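These notes concern the structure reproduced below.
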Amino acid sequence: MAKVTYQPAPESESETRDQNSGSPNRRRRILLVTVAASVILGLVAILFGGAIFNPAATPESEPTMTAIQIIPLVILVVMFVVATKWPLNIGVMGLVASFGVGYFMLGMTDKEILADFPANIVITIIGVTYFFSMAQRNGTIDIIVQTCVRLVRGKTMLLPWVFFLLAASLTALGTFSPAAVALLLAPAAIGLAYESRIHPVLMGAFIINGAHAGGFSPLSVAGVLVHDIAVKNGFPISQGSLFAASFALNLILSVLTVVLFALLGKIRDGATGQLADLDTTHTARPHGQQILTLALIVAMLVCALGFHMPIGFVALSAGLLLALVNIKEHQTFIGGVSWSTVLLVAGMITYVSLLQHVGVIDTLAEQALALGAPLLIALVLCYVIGVGSAFASSTALLTAFIPLAGPLLATSSLSASGTVAALAIAATVVDVSPFSTDGALVVANAREDDRQRVYKQLMVYAGGVVLVAPALAWALLVPTGIM
């Protein structure tokens with residue numbers, strides 16, 4: 001395979017933005033106002049929409065929110081705004097807010113505040129990222145990438161689809177989407193895009209779409225997270241259906257992306273230089289730790305799918321075996337655990353559980369029902385979560401919005417699996433935004449002299465995705481009752 005060169009990523013996401021925008025502060029202010037306005041409008045629609053869409057309802061029949069419910073809800077909105085403007089972990093804010101609201105407002109003890117701490121999800125995150133950090137460091141993932149690239153046999157236009165399927169496979173096996181994009185795919189894929197004159201934005205979109213296509217498998221952290229939240233709120237969903245819907249929607253979006261770039265004449269990118277031939281005749285053979293890692297991946301699949309064993313503990317066990325083989329680098333493997341994601345998920349779920357404890361979720365859902373149009377409510381939720389996820393954490397928004405669907409599903413004929421899948425897909429497909437982790441990684445791996453162009457074009461593309469994808473997910477999954 002031809003040697004691929006690429007520029008290293010900046011040290012921080014804010015540095016990426018500063019390098020790729022002539023006026024980052026002005027754009028961030030505009031996007032911040034957009035996010036805040038979308039969240040506020042969504043809440044206003046839920047709180048007061050009943051009087052507009054269902055004027056026959058009497059004020060006495062509508063639930064009202066108390067101060068002890070409004071204050072935690074306002075704090076939640078403030079946390080999203082702060083996390084959008086500054087690189088602060090919203091999970092840490094969630095844990096601090098849980099302590100402040102629970103201890104000082106509600107008089108709860110620490111055990112009561114942490115009663116719903118998601119220990120099973122935390123173990124899953126730690127185990128999966130622990131194992132795959134070792135798989136990346138010992139070169140196993142590189143071999144998988146090289147093998148997939150070799151399959152194109154010089155047909156460079158197949159490369160985006162190869163990386164789409166590769167990204168989907170990696171995330172379906174449990175790799176985090178940002179980890180797959182950052183450590184495994186973006187450097188090689190964007191480099192190959194320049195070598196083969198494929199538009200880097202097209203290649204980046206395929207990587208991210210592929211990562212999200214597999215991102216809701218029964219083995220993935222996101223799939224486990226959404227399923228557990230749904231079960232906890234009383235509307236169990238089919239994990240297989242969620243996975244299939246996510247894969248299908250991201251596949252459709254990728255096809256539409258190819259059509260769009262073809263109509264614009266941008267598939268072959270003249271700005272990337274001369275077309276280079278790709279040497280796909282040589283692929284490294286796995287040896288030693290790599291063979292063991294591949295065998296452990298197969299074993300993990302068998303244990304999780306065949307025997308329904310918890311993937312977190314299985315991944316930890318597999319990781320421990322690899323660590324024993326390479327004991328000298330054990331500390332670097334521990335550093336590969338996605339601790340920021342652990343904090344994010346733990347903090348947000350703990351805080352949202354506190355909101356449920358004081359009745360915020362139930363009251364909002366009951367007021368949403370006053371709209372009298374469940375399909376309209378589902379569409380509004382898809383757009384609010386989609387717009388917010390373009391600039392904030394998709395995982396955090398999922399933990400906040402999926403519980404809202406519970407009472408709605410209980411009092412309507414909407415499919416639980418279809419509605420939750422639409423919300424989950426709307427929250428993730430918009431991560432092509434350069435202000436999200438995945439999008440920023442694509443920009444960061446573009447050539448230094450081409451980053452500003454990639455940044456601008458990726459932002460335009462992301463705007464189209466934000467406009468189309470939530471409606472597409474809603475139209476295909478909610479009214480049709482296909483799931």
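Descriptive notes on the structure:
- Residue in region 272-284 that is over 30 Å from Leu414 (Cα atoms), in contact with an Asp or Glu (Cβ under 6 Å, 6 or more places away or on another chain), modelled with pLDDT under 90 and of a type in the set (A, V, I, L, M, F, W, C) present: yes
- If you go through region 205-234 and keep only what is in contact (Cβ under 8 Å) with a residue 40 or more places away in the chain and among the small types (Gly, Ala, Ser), you end up with Ala205, Gly210, Ala211, Ala213, Gly214, Gly215, Ser217, Ser220, Ala222, Ala230, Gly234.
- Residues located in region 256-265, provided they are under 18 Å from Pro470 (Cβ atoms) and either open to solvent by 20 Å² or more (accessible area, probe 1.4 Å) or in contact with a Gly (Cβ under 6 Å, 6 or more places away or on another chain) (or both): Leu256, Leu260
- Filter result (within 15 Å of Gln69 (Cα to Cα) and surrounded by 14 or more Cβ atoms within 10 Å (Cβ to Cβ)) within region 104-119: Met105, Leu106
- Some residue of region 223-235 being open to solvent by 50 Å² or more (accessible area, probe 1.4 Å) and touching a Lys or Arg at 6+ places or on another chain (Cβ under 9 Å): no
- Members of region 405-421 found to be in a helix (DSSP H, G or I) and touching a residue at least 60 places away in the same chain (Cβ under 8 Å), listed by number: Ala405, Gly406, Leu409, Ala410, Ala416, Ser417, Gly418, Val420, Ala421
- Of the set (1) polar (S, T, N, Q); (2) at pLDDT 85 or above; (3) closer than 26 Å to Val443 by Cα, all apply to Thr175 but (2).
The values are calculated or read from the model by the stated rules, or taken from the named source; none is laboratory data. All of these numbers come straight from a predicted model, not from anything done at the bench. Heads up, the Cβs are rebuilt from the backbone with ideal geometry, glycines too, and the neighbour counts pull from every protein chain shown. Just so you know, the surface numbers come from the protein's heavy atoms only, side chains and all, with ligands and any DNA or RNA stripped out. Shrake-Rupley method; radii C 1.70, N 1.55, O 1.52, S 1.80 Å.
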